[in-house]
Amino acid sequence: MNFYVMTLFPEMIDAVMRESIIGRAVQNGLLSVKTYNIRDYAFNKHSRVDDYPYGGGAGMLMQAEPVWQTYEAICRDAGCDALPVIYLTPKGRTFSQDHAAKIARLDHVVLLCGHYEGIDERVLEEIVTDEISIGDYVLTGGEIPAMAVIDAVARLIPGVLHNDESAETESFSNGLLEYPQYTRPEVWHDRSVPEVLLSGHHANVEHWRHMEALKATAVRRPDLIDPETLTSQELEAVSDILKR
Ligand code: ADE
């Protein structure tokens, strides 16, 4: 999987992508993250890539040409005529686990990080295939959202997570939030680990975890639960919570 990131702050991305699980995946050749500094494709001697918006208004806009030139350079490096481009913007569709899974099936993807007050619409029309927001809040640029997307996608690529870091059991993989987890000691600050987890009875442990995941989801994210799909036992466990 090859990520190409168009940004004014490549060092920000490069530094984070060297660390931890993503850094290991890059080292192992499972993933590549190449950054392209849009400023390197500025066409004036001061390397400016922003200008005032036609029609007036606050802030500066990124010009179309440097963004276009950066995209062309990426296509040349990738040996492709065209590439999918995701623009990180609060105007985009909200990023989700399903979205991450779809991106993980691509061989190449370009992430375009905005700055200033936006980017000239004409280059967006020419190259952008999808727009993603990571939530209903506004950040100073698209770099942190781009890293969030890379991280969420990378951990779905086979081999990126080791067995003890499984992508299957945690929040969202089954449409529910994760059940609570405990490690040693058995009692901490007078709080005991739930008895069932010490029982060694695998089926009971699985059942308890499923019901706890369901309850956690009902409390925190009731929008993720469709009561029509629940068994009568599941419905009984969460109906009071859902009514609140
Ligand atoms: N750029 C600024 N804020 C953003 C957000 N919430 N999601 C994606 N890109 C952004």
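Given the structure, is E195 of a type outside the set (A, V, I, L, M, F, W, C) and either over 17 Å from the mean Cα position of the chain (by Cα) or more than 11 Å from the ligand (Cβ to nearest atom) (or both)?
Working: of a type outside the set (A, V, I, L, M, F, W, C): yes; either over 17 Å from the mean Cα position of the chain (by Cα) or more than 11 Å from the ligand (Cβ to nearest atom) (or both): yes.
Taking the combined requirement at face value, the residue satisfies it.
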>> Restricting to segment 171-205, give me the number of residues that are in a loop (DSSP other than H, G, I, E, B) and at negative phi.
In response: 18
> Do any strands (runs of 3 or more DSSP E) entirely within segment 1-100 hold 3 or more residues that are in contact (Cβ under 8 Å) with a residue 24 or more places away in the chain and of a type in the set (A, V, I, L, M), and if so, which?
Replying inline: 85-94
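Quick one: is T129 of a type outside the set (D, E, K, R) and under 20 Å from the mean Cα position of the chain (by Cα)?
yes
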> Pairs under 7 Å by beta carbon, first residue closer than 24 Å to P222 by Cα in segment 168-189, partner modelled with pLDDT under 80 and assigned to a loop (DSSP other than H, G, I, E, B), six or more apart or different chains?
Replying inline: S173/A167; L177/S171; E178/E170; E178/S171
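Results for (1) in contact with an Asp or Glu (Cβ under 8 Å, 6 or more places away or on another chain); (2) surrounded by 13 or more Cβ atoms within 10 Å (Cβ to Cβ), shown as yes or no for each residue.
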{"position": "T35", "(1), (2)": "yes, yes"}
{"position": "D40", "(1), (2)": "no, yes"}
{"position": "R48", "(1), (2)": "no, yes"}
{"position": "A58", "(1), (2)": "yes, no"}
{"position": "M62", "(1), (2)": "yes, yes"}
{"position": "E72", "(1), (2)": "no, no"}
{"position": "C75", "(1), (2)": "yes, yes"}
{"position": "D81", "(1), (2)": "no, no"}
> Can you tell me which residue in segment 136-185 is nearest to G23 (Cα to Cα), limited to those that are of a type in the set (D, E) and away from the ligand (no atom under 16 Å from the Cβ)?
Replying inline: E165
>> Out of D81, D50, I need the residue that is among the acidic types (D, E) and within 16 Å of the ligand (Cβ to nearest atom). Which one?
In response: D50
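Here are some residues: A146, A213. Which one is assigned to a helix (DSSP H, G or I), closer than 30 Å to S32 by Cα, hydrophobic (A, V, I, L, M, F, W, C) and at pLDDT 95 or above? Before you say what the answer is, go through the steps one by one.
Details: A213 fails: closer than 30 Å to S32 by Cα.
Within the list A146, A213, the selection yields A146.
Out of segment 196-207, which residues are more than 19 Å from A237 (Cα to Cα) and loosely packed, with under 11 Cβ neighbours inside 10 Å? Can you show your working first?
First, the residues of segment 196-207 that are more than 19 Å from A237 (Cα to Cα): 197-202.
Within segment 196-207, G200, H202 qualify.
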> Across segment 84-126, what is the total count of residues that are among the polar types (S, T, N, Q), near the ligand (Cβ under 10 Å from one of its atoms) and touching a helix residue (DSSP H, G or I) at 6+ places or on another chain (Cβ under 9 Å)?
Replying inline: 1
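The values are calculated or read from the model by the stated rules, or taken from the named source; none is laboratory data. As the structure is a computational prediction, the values presented were derived from the model and not from experiment. Methodologically, a virtual Cβ is constructed for each residue, glycine included, from the backbone with ideal geometry; neighbour enumeration extends over all protein chains shown.
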